[in-house]
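Student: Encoded as structure tokens, here's the structure I'll be asking about.
Quick note: the coordinates plus some simple rules give every number you see, no bench work behind them. Computed from a prediction, not measured in an experiment: that's the story for all the values here. Cβ: placed from backbone, ideal geometry, glycine included. Neighbour counts: every protein chain shown.
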Amino acid sequence: MASWNSIPLEITYETFGWIAFFSWSISFYPQVIMNFRRKSVVGLNFDFVLLNLTKHSSYLIYNASLYFSSAIQHQYFEKYGHGEMIPVAANDVAFSIHAVLLTAITLFQIVIYDRGNQKVSKISIATVCVVWLVAAVCFFIALPSHSWLWLISIFNSIQVFMTVIKYIPQVIMNFMRKSTTGFSIGNILLDFLGGVTNYAQMAVQSIDQNSWVNFYGNIGKTLLSLVSIFFDLVFMCQHYILYPEKKAFPPKLNKEGTEPLIRCSEEPAAPENV
């Protein structure tokens, strides 16, 4: 296994990695907190959450397997060369675990809070079922020959596929409603920061090793960053430019600079002459 050639680049790599971890991890909380305060999930697309759970679950399987399994690491070195580094860091595993837990909590909020007339589409349910069926079939294909690297690459491909499609229902929903109310922009801003630093982390490793193998050796991580950045820009455009929230204007003040205690809709009647 290769080692770092530059200590400053190694420190930069770790820094970018943990910034991405904290940004992506914290990005789940604004939506969870918003749902809790409103006691409502209206405005949050349920397909997005369901597809996101499948995405993060498959990504966790890939990251944890490649990071902890010596057998899979051996197969990786046999394919890409013993001079390469494993393209999965500790922060990748930590993020995946945290992401699965927080997405599951968001899904639970959908069950217990006001949903309005929203529901999970049959297309999303069918997509999730087909994806896990394919994963199960691939497991039994890989089992006889112990092709574990190939198997986890399937899970990596699944997470890339889910990353591409999971944002689309929310984008369409915002477009149809002409509003982003109920969908936290804080989630998007932090997700954008995570995507940028995650991609920067891979670039730093490639510069140090003078090799771009880690980009296509872990194509899932590469596409995860690029796709996330693209859709985050779309959401920011929707929130700040296309469908900005209407600001409530403060009540008018009287001459003394204070709000009147009683607002009269009608002028008082003139006193009657006795």
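Student: Is it possible to state the helix-based mean residue ellipticity at 222 nm for the chain, with each DSSP H run of 4+ residues giving -39500 (n - 2.57), the sum divided by total residues, to the nearest 500 deg cm²/dmol? What is it?
Tutor: Counting only the DSSP helices, I get -23500 deg cm²/dmol.
Student: Return the long-range amide H neighbours of residue 40 (sequence gap of 5 or more, or a different chain), with a cut-off of under 5 Å between placed amide H atoms.
Tutor: Under 5 Å from the amide H of residue 40 lie the amide H atoms of 114, each far enough along the sequence or on another chain.
Student: Another one. From the residues 66, 49, 143, which one has its Cα farthest along the dipole of the chain in the positive direction, the dipole being from +1 and -1 charges on Cβ of Lys/Arg and Asp/Glu about the Cα centre?
Tutor: Result: 49.
Student: Using each residue's phi in region 117-129, evaluate 6.51 cos²θ - 1.76 cosθ + 1.60 at θ = phi - 60° and report the 3J(HN,Hα) Karplus result to the nearest Hz, with x for Gly and Pro.
Tutor: My calculation for region 117-129 gives 9, 7, 7, 6, 6, 5, 5, 5, 4, 5, 4, 4, 4 Hz in order.
Student: Another one. With springs only between Cα atoms under 10 Å, which of 207, 168, 188 fluctuates most in a Gaussian network model of the chain?
Tutor: Maximum among the listed residues: 207.
Student: Working from Cα positions, state the angle (0 to 90°, nearest 10) between the long axis of helix 219-237 and the longest principal axis of the chain.
Tutor: Tilt of helix 219-237: around 10 degrees.
Student: Can you run phi through the Karplus equation (6.51, -1.76, 1.60; θ = phi - 60°) for region 178-193 and list ³J(HN,Hα) in whole Hz, with x for Gly and Pro?
Tutor: Each residue's phi maps through the Karplus curve to give 6, 7, 10, 4, x, 10, 6, 6, x, 4, 6, 4, 6, 5, 5, 4 Hz.
Student: Order the peptides 110-119, 86-95 from the highest to the lowest mean number of other Cβ atoms within 10 Å of their residues.
Tutor: 86-95, 110-119
Student: Using amide H atoms built in the peptide plane, which far-off residues or other-chain residues are under 5 Å from residue 121 H to H?
Tutor: 47
Student: Could you give the angle, 0 to 90 degrees to the nearest 10, between helix 148-177's Cα long axis and the longest principal axis of the Cα atoms of the chain?
Tutor: Tilt of helix 148-177: around 20 degrees.
Student: Springs between alpha-carbon atoms under 10 Å, Gaussian network over the chain: tell me which of 79, 55, 221 tops the mean-square fluctuations.
Tutor: Of 79, 55, 221, the Gaussian network model singles out 79 as fluctuating most.
Student: Could you tell me the extents of the chain's C-alpha atoms along the three principal axes, largest first, rounded to whole Å?
Tutor: The Cα atoms of the chain stretch 107, 46, 26 Å along their principal axes.
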